[in-house]
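Structure, as structure tokens:
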Amino acid sequence: MATPVRILTLLILAAGLASGHPIVLLAGGALLIGTGFWVWQRYRAFDAQTLMNMLRRVRWLLLAILILYGWFTPGVALLSTLGQFSPSLEGMQQGLLRVAALLAIVAAVYLLLAITPRGELVAGLLWYGRPLRRLGVDATRFAVRLVLALEAVPQVQTLARTALLDTPSGASRMQRLGRAATAVFQATLARAEQSTGDIAVPDPQPVPLWQWLLPSALTVLLIAARVC
């Protein structure tokens, strides 16, 4: 399958999963399991440890989602003995759906990266970046920096910890978080710029028309699942 089709399929799947609809999540989860098995059978590139590491890096975000939905959504108390300090049943249900959606999206991104060399990924992004050239945007530079930045993301936790330690102690909590976020963003881009090694970008190839049927079929499937 051509890389542009893979990228579009990922974006459509991520958009559907982000809705948090239970049926969509079940359909998306089934597709991911089937795709993961296919990747393992054909490419032998499925590494469960790498996937678990990616999921573990978003654990604090998952916890924050549960807290925000569970404790700040009105509804029936899940633990009546805690009174007003109890999370709501409705909030926890919504929070778990959002957590499941984020986990599925991370898994989908991992599958794309597992079977797509970064040179082909850059080529796929360039395929979509052609219109930007008319606006004077250097699509090649943008695509390369995006791929290298994605490769630097696993180091964000270390960068964030360093940024927080380097922030002046006299600053308020919001100021420290703001400065830390800025430092992490700049450090991630710096790591991408300093990345060594050439990226072999293959020449663009025409995408067979029939391959566009896959993202089209996925769109219809997700819409049908949401309507159910």
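Bear in mind that the values in this text are calculations on the coordinates, not laboratory data. All values reported here derive from a predicted model rather than from experimental measurement. Here the Cβ is made from the backbone with ideal geometry for all residues, glycine too, and neighbour counts use every protein chain on show.
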Read phi for every residue in segment 29-44 and hand back ³J(HN,Hα) as whole Hz from Karplus 6.51 cos²θ - 1.76 cosθ + 1.60, θ = phi - 60°, with x for Gly and Pro.
x, 5, 5, 5, 5, x, 5, x, 5, 5, 4, 5, 5, 8, 9, 6
Contact order relative to length for segment 1-114, counting C-alpha pairs under 8 Å separated by 6 or more residues, stands in percent at 36 percent
Students often check this: by mean Cβ neighbours within 10 Å, which of 72-82, 13-23, 49-59 ranks highest, and how do the rest follow?
13-23, 49-59, 72-82
In the neighbourhood of residue 24 defined by beta carbon distances under 14 Å, the net charge of the other residues (Lys, Arg +1; Asp, Glu -1) is +2
What length, rounded to one decimal in nm, is gained on full extension from residue 226 through to residue 37, with 0.36 nm per residue of separation minus their alpha-carbon distance?
65.5 nm
